[in-house]
Number of protein chains: 2
Amino acid sequence: MTTVLIADDHQLLRQALRRAMEDAGLVVLGEAGDGAEAVQLVDQLRPELVIMDVTMPVLGGIEATRRLHAAHPDLPIVVLTMHDEEALREEALRAGASAFLTKDSSMQEVVATAIATAAGEALSAELASSILTEFKAAPAAAAGPGAAVAPVEPSPLTPREEQILQLIADGYSTSEVAARLFISGKTVKNHLASIYDKLDARDRTQAVLSAVRIGIIRLN
Amino acid sequence: MTTVLIADDHQLLRQALRRAMEDAGLVVLGEAGDGAEAVQLVDQLRPELVIMDVTMPVLGGIEATRRLHAAHPDLPIVVLTMHDEEALREEALRAGASAFLTKDSSMQEVVATAIATAAGEALSAELASSILTEFKAAPAAAAGPGAAVAPVEPSPLTPREEQILQLIADGYSTSEVAARLFISGKTVKNHLASIYDKLDARDRTQAVLSAVRIGIIRLN
DNA sequence: AGGAAGTTGGGCCACCCGGCCCATTCTCAC
DNA sequence: GTGAGAATGGGCCGGGTGGCCCAACTTCCT
């Protein structure tokens, strides 16, 4: 018997996933509506597997995965997302996800991945791609074995950068963000510059959109 | 027996909806992955009801609803969305939707709404809110009976404005958009100005985000 | 101890952007 | 046929924005 926790902010998806899991013989211990709740419920319910959505309020799925993986290194986490972005996939796996699936996947794929993951494959990244390969063309490079996660991408954003980009997305101008954070407008612009660099954007609009796709920004 | 067509770009949701519908005794004639496909399949399969997602590639759910409603005025369309925006709700109902639900809804709500809608209530807006009222606080104003849809919002965007905003979202600058459309940069700025006005945005970033929430813009 | 990264801040400058006026043309509806 | 709305364009201007330099301080890891 395998126990599982489902974290997704859409009740519709949660119910659908629960049902599919239960039909496959898994036991759904609980459902979380955001990342923070997921972290809390894992400590409380001790599931053997977590199904985690990326875009969630309060605490995003990636960050929730990072925290869960830090606290429970052996807990398998299957990350589910709306947008199939290569960078996001890497982010998820680097955060400690055992597998990465798109919502374009079928219910069967999700269940199969969940069961396989819970069975305890050691090589996380390999598993994710091998399962996905059955449905799509092979993604990209196969990293070597071990812990080295490959220096593919520089990194996403620092906490401060995320905070600033979130405020920009919320509609604040550079100087308004500065005022809210009690820092200089120049500093905000400097942060934005490094954000553009990291997200490969050339202006705030593209940066915000990119962040939305990645799932590190809330749409209010 | 009631026949239904499901339009959603996420296979996961489609399967979940199909299952819930079938369990409730409805017959799912087919599934569409985008708005254009939905329009085509309606003509082909002649369902008695359509479940339509808002954010879909190729042709958005709102526009698809508008076209379906124009071609089949009696066809009930239940619009489903990620983001619970009052403006979007109005948009959907104005486009001819019979009901409006969020993905925060439960499967039961969706099925109940579908069945009630298919049963053929005349007062569309009323129905949507009355059903939602059982779960949330009453939304807002109850419009009078009849066809007058109330002059609540001015209107969304003109085709040209949507096109321009889409290009902005795709990463083009004002002058690049102008070059692509063979018009003056000043004209693009003028269109943007009226877009800001209509979407209540003060810059392109907010306008694009607003459009994304409304579902009239693709995220590439 | 030393280096890397994050946060804060500066100056400078060209250019873009948004706000506020305006006019012309075309189409469509009343 | 008159008027409303859409699409096209103009000028002007102040302030915001992004690019490209640089520096200081803190924290953290090695």
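The values are calculated or read from the model by the stated rules, or taken from the named source; none is laboratory data. Keep in mind it's a predicted model, so treat the numbers as computed, not measured. Note that we place each Cβ from the backbone using ideal geometry, even for glycine, and neighbour counts take in every protein chain shown.
Remarks
- Matching entry among B:Leu192, B:Leu209, B:Leu219, B:Leu165 (being part of a helix (DSSP H, G or I) and within 9 Å of chain A (Cβ to nearest Cβ)): B:Leu209
- Tallying residues that are more than 22 Å from B:Ala211 (Cα to Cα) and near DNA strand C (Cβ under 9 Å from one of its atoms) within segment A:163-196 yields 15.
- Pairing each residue of segment A:20-31 that is in contact (Cβ under 8 Å) with a residue 24 or more places away in the chain with any residue that is of a type in the set (Gly, Ala, Ser), provided the two are 6+ apart or on different chains, yields C-beta distances under 7 Å for A:Met21/A:Ala114; A:Leu26/A:Ala114.
- In segment A:55-72 there is no residue that is charged (D, E, K, R) and within 14 Å of chain B (Cβ to nearest Cβ).
- Entry remark, segment A:20-70: residues being among the β-branched types (Val, Ile, Thr) and more than 21 Å from A:Leu88 (Cβ to Cβ) number 3 in total.
One line per residue, one yes/no per condition, for (1) surrounded by 19 or more Cβ atoms within 10 Å (Cβ to Cβ); (2) within 10 Å of chain A (Cβ to nearest Cβ):
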{"site": "B:Asp23", "(1), (2)": "no, yes"}
{"site": "B:Val27", "(1), (2)": "no, no"}
{"site": "B:Val39", "(1), (2)": "yes, no"}
{"site": "B:Arg46", "(1), (2)": "no, no"}
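- The residues on offer are B:Ala114, B:Ala70, and the sole one that is crowded, with 19+ Cβ neighbours inside 10 Å and either farther than 20 Å from B:Gly25 by Cα or modelled with pLDDT of 75 or more (or both) is B:Ala114.
- All positions within segment A:168-177 that are more than 9 Å from DNA strand D (Cβ to nearest atom) and either in a helix (DSSP H, G or I) or aromatic (Phe, Trp, Tyr) (or both): A:Ala169
- The residue that is nearest to DNA strand D (Cβ to nearest atom), among those in segment A:181-211 that are surrounded by fewer than 20 Cβ atoms within 10 Å (Cβ to Cβ) and among the hydrophobic types (A, V, I, L, M, F, W, C), is A:Ala193.
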